[in-house]
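See structure below.
The values are calculated or read from the model by the stated rules, or taken from the named source; none is laboratory data. Fair warning: this is a prediction, and the values are worked out from it, not measured in the lab. A quick note on method: Cβ atoms are made from the backbone with ideal geometry, for glycine too, and the neighbour counts reach across all protein chains shown. Ligands, DNA and RNA are stripped out before the accessible areas are found, and what is left, the full protein with its side chains, is counted by its heavy atoms. Shrake-Rupley method; radii C 1.70, N 1.55, O 1.52, S 1.80 Å.
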Amino acid sequence: MILTAEGVGKRFGGLVAVDNVSLAINQGEIFGLIGPNGAGKTTFLNCISGFYKPEKGTVTFKGQNIVGLSSHQLCHKGIARTFQIVRSFAKLSAEENVKVALTFGRGKQQKSSKSVQELLDFVGFTMPKQMIAENLNTMQLKRLELARALATNCELLLLDEVAAGLTPSELPEFIELIKRIRDGGVTIISIEHVMKFIMEVCDRIAVLQFGKKIAEGTTAEIKDNPKVKEAYLGEELVH
Ligand SMILES: Nc1ncnc2c1ncn2[C@@H]1O[C@H](COP(=O)(O)OP(=O)(O)OP(=O)(O)O)[C@@H](O)[C@H]1O
Ligand SMILES: [Mg+2]
């Protein structure tokens, strides 16, 4: 187990956004977190990545309690994330964006041995590296986000809707990239609405609804789970 969350709870005023959620993530797996809008997926990820301190529960990363640590401290321990709303430095070039992550990522000892160019190549970034981030298209920006995360030499990568905004023709290549990142030794938790992505990429999936975990299992188990079908109110689970 690389990460274990037990009974995690987070509220915003009267709203229980994450309600007693427990998950155990195996080393080297791609774990999908799905659920309707507002289900608490991003909030849960924020509780793991140090953005929020959960009011209840424990989160253990590689055997160590990480509740209360900042995102910065967690980055040094080996947890990186991408954001639902892309957060690259808009006015910096692609190269500078990755350089910042390389420099401030995980500290000298454990920093990535890869160069900026190697990281950009690895994620399939095909534009000139001098290009300013705000001028990049969605696909290239997503690739840049991943290069920045990998520059921190993370062991656990948290993805928040990384496939959103990609065209159906861009998806297969992106799916390959995510698998390649995992094959490079990175465990992945991925929040996603794009079902093709989830079904093709994930080893296991958990489903949240109104802050609660309503199902967990392999892709095949989740596809056929009546509670999950109901949560999605007839939305087609497999595109
Ligand atoms: N900072 C906040 N302050 C108050 N309420 C919040 C805050 N962040 C999230 N919420 C509420 O908590 C609930 C869970 O939100 P969250 O963003 O975690 O859902 P989500 O599953 O990521 O949804 P989506 O699929 O739309 O991204 C929602 O009802 C949301 O309105
Ligand atoms: Mg979200």
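A cut-off of 5 Å between modelled amide H atoms, ignoring neighbours fewer than 5 places along the same chain, links Arg81 with Leu158. Annotation: average projected area of the range 18-159 is 9.0 square nanometres, based on the convex hull of Cα atoms across all directions.
For the chain, list the DSSP H helices whose alpha carbon atoms reach 20 Å or more along the long axis and whose average Kyte-Doolittle value is 1.0 or above?
On the way: long enough: none.
Length and hydropathy pass: none found.
When the helices of the chain are scored as -39500 (n - 2.57) per DSSP H run of n ≥ 4 and the total is divided over every residue, the value at 222 nm lands at -9500 deg cm²/dmol. With Cα atoms defining each centre, the range 1-73 and the range 122-166 are spaced 23 Å apart in the structure. Size of the chain: Rg and Dmax of its alpha carbons, in Å, are 17.3, 50. Length gained on full extension, Leu92 to Ile214, computed as 0.36 nm times the residue gap minus the Cα-Cα distance: 39.7 nm.
Here's the list of aspartates and glutamates a cross-link from Lys212 could span, going by alpha-carbon distance under 13 Å and ignoring same-chain residues fewer than 8 apart: Glu6, Asp19. Of all DSSP bridge pairs formed entirely within the chain, close to 55 percent run antiparallel.
Taking a sphere under 14 Å around the Cβ of Arg182 and counting the other residues whose Cβ falls inside, with K and R at +1 and D and E at -1, yields a net charge of -3. Ratio of alpha-carbon Rg to the 2.2 N^0.38 Å globular estimate for the range 79-154, to two decimals, please. Its radius of gyration relative to the 2.2 N^0.38 Å reference: 0.98. In this simple spin-label approximation, Lys227 and Ala24 carry label points 7 Å from Cα along the Cα→Cβ vector, and these lie 1.8 nm apart.
Report the residue, chosen from Ser22, Ser113, Ser71, that carries the largest GNM mean-square fluctuation when the chain is represented by alpha-carbon nodes joined by springs under 10 Å. For the chain, modelled as a Gaussian network with Cα springs under 10 Å, the answer is Ser113. In whole percent, and with a 1.4 Å probe on the protein chains, what portion of the accessible area of the range 79-154 is carbon and sulfur? Result for the range 79-154: 54 percent of the exposed heavy-atom area is carbon or sulfur. Backbone amide hydrogens, once placed in the peptide plane, bring Ser93 within less than 5 Å of Ala133, excluding anything fewer than 5 places away on its chain. On a per residue basis, the range 79-154 carries 50 Å² of accessible surface, using protein heavy atoms and a 1.4 Å probe. Translational diffusion of the range 60-103 was estimated from the Stokes-Einstein equation, with Rh taken as the Kirkwood radius over Cα pairs; at 10 °C and 1.306 mPa s the coefficient is 129 µm²/s.
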